[in-house]
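Below is one structure, written out as structure tokens; comments come after it.
The values are calculated or read from the model by the stated rules, or taken from the named source; none is laboratory data. Predicted model, so just to flag it, every value in this text is computed and none were measured. Cβ placement follows ideal geometry from the backbone for every residue including glycine, while neighbour counts extend to all protein chains displayed. To get the accessible areas, we keep the full protein, side chains included, count just its heavy atoms, and leave off ligands, DNA and RNA. Shrake-Rupley method; radii C 1.70, N 1.55, O 1.52, S 1.80 Å.
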Amino acid sequence: MTRLLASVLSALVVSLVFTMISQNNNIEADVLYYSFANEFLNGFTVMLCIYLFFATPVSFYIDKMTTNRNMILHVLLYFFVGAIFGAMFILINSASDVKAGIQLASLFGLGASVFSLFLNFIRRVRKNK
């Protein structure tokens, strides 16, 4: 239940931030853009699937590796695993744009770090009940 809630919250936050960044780049008046709600819902659906089917199973292994370790190490390990998944997407979509590939890998890493922070936050709230 904790991981499911962390997946939903992470998908909401990450897709909201990405949608806000995407909407800020819509500056030309003669060009039609997707609405905020359309981009947000599409992004949320994709991010939720990524969190549920990739991040949640991998988080079991990461938590086993870092059971008695520092929280900073925990978040960094999530970041690097997310960046590796982002790099795998670069290999699948072999575009020649190196800058976009680095941005994608870092965004996947940040998304995994957000998941880790929500997971730790929910665990601490449940402990303090």
Inset, instruction - Working only within segment 1-22, note down all residues that are open to solvent by 50 Å² or more (accessible area, probe 1.4 Å) and not aliphatic (A, V, I, L, M). - result: PHE18
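So that you can scan it fast, the table gives a plain yes or no per residue for (1) closer than 25 Å to THR19 by Cα; (2) open to solvent by 40 Å² or more (accessible area, probe 1.4 Å); (3) in contact (Cβ under 8 Å) with a residue 12 or more places away in the chain:
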site	(1), (2), (3)
PHE44	yes, yes, yes
PRO57	no, yes, no
THR66	no, no, no
ASN70	no, yes, no
PHE85	yes, yes, yes
ILE92	yes, yes, no
ALA100	yes, yes, no
SER106	yes, yes, yes
ALA112	yes, no, yes
Inset, instruction - Could you check, for segment 75-87, whether at least one of its residues is more than 11 Å from the chain's Cα centre (by Cα) and either modelled with pLDDT under 85 or within 21 Å of MET1 (Cα to Cα) (or both)? - result: yes
Inset, instruction - Scan segment 23-41 for residues that are open to solvent by 90 Å² or more (accessible area, probe 1.4 Å) and not in a loop (DSSP other than H, G, I, E, B) and jot them down. - result: ASN24, LEU41
